[in-house]
Amino acid sequence: MQDIKEGKTQMEESRQGEATVIENVQVANKHVYIESYGCSMNFSDSEIVASILSKEGYGTTKNVDEADLILLNTCSIRDKAEQTVRNRLVHINRNKKENPDLKVGILGCMAERVKGKLLDEEKLVDLVVGPDAYKDLPNLLREVDGGRKAVNVILSKEETYGDIAPVRLGGNGVTAFISITRGCDNMCSFCVVPFTRGRERSRNFQSILEEARQLADAGYKEITLLGQNVDSYLWYGGGLKKDFSKASEAAQASAVRFGDLLRMVAKEVPKVRIRFSTSNPQDMKDDVLYAISEHENICDYIHLPVQSGSTKVLAEMKRGHTREEYLGLIDRIRKIIPGCAISHDMICGFPGETEEDHQETLSLLDEVKYDFGYMYYYSERPNTFAEKKMEDNVSLEVKKRRLTEVIAKQRSHSLGTHQAKVGKTFEVLVEGVSKKNKDQLYGRTTHNTVVVFPKKDFIAGDFVEVNITDCTGGTLIGEAV
Ligand code: SF4
């Protein structure tokens, strides 16, 4: 985490609520250490939190021992994610013993899911704040300063933090997130997100364009538009997506959808690469695919979670589409954006999944041949439809065996995809020095594939043509041309 004292570039709120870049923020007299877990939305939210706290005199620090306030921004997507946080709190207890004035807070999805009960279960925790309540942090910290514990886990119908200029915590000065929507209305039967992040609402496209402009002016070369479900981005003047039909005719007619927003951002910052995550097959419109094909700077890469290859299991998961419909979308992606890279999310061992269903997942992998994927076995989540209505009846042993088979198949496809790129040249956006070899740089192609190559005089932020000479299952290796 960056320390404001060093005078790093900083975004701040201007009079019109638009972001402005200012240099050399006042020296902070207090320090917050923020640890983010889970998805990119949490990392993006931590930048919002750092900004809100900077107005309370908090600088950010990477050194947990230097902190006056420790915030864990948590994930609830699997039980293991929550266990990780509870184990981390055991370590933080040492800091609290050494510094009794230290304040500890839990943010994010676990805060929203467990709520005030966390204060009883974890005695060293002083405050619990849900993903929509970060603007209340200053009040909650005053509560704690008054010797009380504090909680705010109210989910909002409006909040998008569009008026808060994030403090960039990513640290490479090359890539940055812009969150465009919050919440999810899809209610997939296994997913805890709708309960921890609330209903879908989209951010004003004007503030998104403003933030993109500011990032470009600050020298960033890649922006990722973020949301739990970016495809259902819908700006019609504010309010929940589900209330769109109640909006005036004029508001409906001038509504901005995801394809429109992608084009606007691409035109606004033509020298900046645009990525987006996460898509949802049931909401993705072909217009988004055409927007990608029309703009050189929108990357040829789509993360398109599938979760299962079996139409029966997809129905149980309430994914809103069949295997055939998903494969139809894959065909259209490859027709409209030739060579587009695609990745997936997959869940093995969902309740009721048979060996035949599992074989359908393996055959779907063979049919699509994804570039890469995020693969897990089913973890039952409290209060989800699946937890309430379905028996978690696939044994852990079978879950693990099926996951091993899915990962092995994906690995062979990823290696095949990479081997096919040897001998070709790709434009790479340099993100930094390779962790494994200080004489090498690493970066990504438009396909979101990592490439390493000898440094020469190139630096982070450069776009470099790299000829691929070799590869592994996860990385391409090359030479700058
Ligand atoms: S689309 Fe489904 S899996 Fe994704 S966040 Fe929404 S409910 Fe969860």
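The values are calculated or read from the model by the stated rules, or taken from the named source; none is laboratory data. Given the structure is predicted, the values throughout are model-derived calculations rather than measurements. So basically every Cβ, Gly included, is an ideal-geometry build from the backbone, and we count neighbours across all protein chains shown. To get the accessible areas, we keep the full protein, side chains included, count just its heavy atoms, and leave off ligands, DNA and RNA. Shrake-Rupley method; radii C 1.70, N 1.55, O 1.52, S 1.80 Å.
The table for this structure:
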read-out: From the options G432, G461, G473, residue that is surrounded by 13 or more Cβ atoms within 10 Å (Cβ to Cβ), in contact with a helix residue (DSSP H, G or I) (Cβ under 9 Å, 6 or more places away or on another chain) and either touching a residue at least 40 places away in the same chain (Cβ under 8 Å) or in the same structural domain as C340 (by TED's automatic domain parsing) (or both); value: G473
read-out: One residue from T404, T417 being of a type in the set (S, T, Y), modelled with pLDDT of 95 or more, part of a helix (DSSP H, G or I) and exposed (fewer than 14 other Cβ atoms within 10 Å of the Cβ); value: T404
read-out: Y442 being under 30 Å from E112 (Cβ atoms) and either crowded, with 18+ Cβ neighbours inside 10 Å or among the aliphatic types (A, V, I, L, M) (or both); value: no
read-out: Pairs where the first residue, in region 181-196, is acidic (D, E) and the second is within 8 Å of the ligand (Cβ to nearest atom) and assigned to a loop (DSSP other than H, G, I, E, B), C-beta under 8 Å, 6+ apart; value: D185/N229
read-out: Selection within region 388-401 - in a helix (DSSP H, G or I) and either surrounded by fewer than 16 Cβ atoms within 10 Å (Cβ to Cβ) or of a type in the set (S, T, N, Q) (or both); value: K388, K389, L396, E397, K400, R401
read-out: Counted residues, region 102-148 - those being basic (K, R) and buried (at least 18 other Cβ atoms within 10 Å of the Cβ); value: 2
read-out: Candidate set: region 149-175, residues that are of a type in the set (A, V, I, L, M) and open to solvent by 10 Å² or more (accessible area, probe 1.4 Å); chosen: the one nearest to the ligand (Cβ to nearest atom); value: L155
read-out: Sole exception among (1) in contact with a strand residue (DSSP E or B) (Cβ under 7 Å, 6 or more places away or on another chain); (2) under 21 Å from K388 (Cβ atoms); (3) open to solvent by less than 40 Å² (accessible area, probe 1.4 Å) for C184, by number; value: (1)
read-out: Among the candidates Q307, Q252, residue that is open to solvent by 10 Å² or more (accessible area, probe 1.4 Å) and within 16 Å of the ligand (Cβ to nearest atom); value: Q307
read-out: The one condition in (1) outside the structural domain of H321 (by TED's automatic domain parsing); (2) aliphatic (A, V, I, L, M); (3) within 16 Å of the ligand (Cβ to nearest atom) that V192 fails to fulfil; value: (1)
read-out: Residues located in region 360-387, provided they are in a helix (DSSP H, G or I) and closer than 24 Å to E112 by Cβ; value: F385, A386, E387
read-out: Check on R213, open to solvent by 20 Å² or more (accessible area, probe 1.4 Å), among the charged types (D, E, K, R) and at pLDDT 95 or above; value: yes
read-out: Single condition T160 does not satisfy, out of (1) more than 17 Å from D45 (Cα to Cα); (2) not assigned by TED's automatic domain parsing to the domain that holds S76; value: (1)
read-out: Output for region 226-249, where each listed residue is within 16 Å of the ligand (Cβ to nearest atom) and open to solvent by less than 30 Å² (accessible area, probe 1.4 Å); value: L226, G227, N229, V230, D231, S232, Y233, L234, L240
read-out: Considering residues of region 195-211 that are of a type in the set (A, V, I, L, M, F, W, C) and more than 22 Å from Q307 (Cβ to Cβ) only, the residue farthest from the ligand (Cβ to nearest atom); value: L209
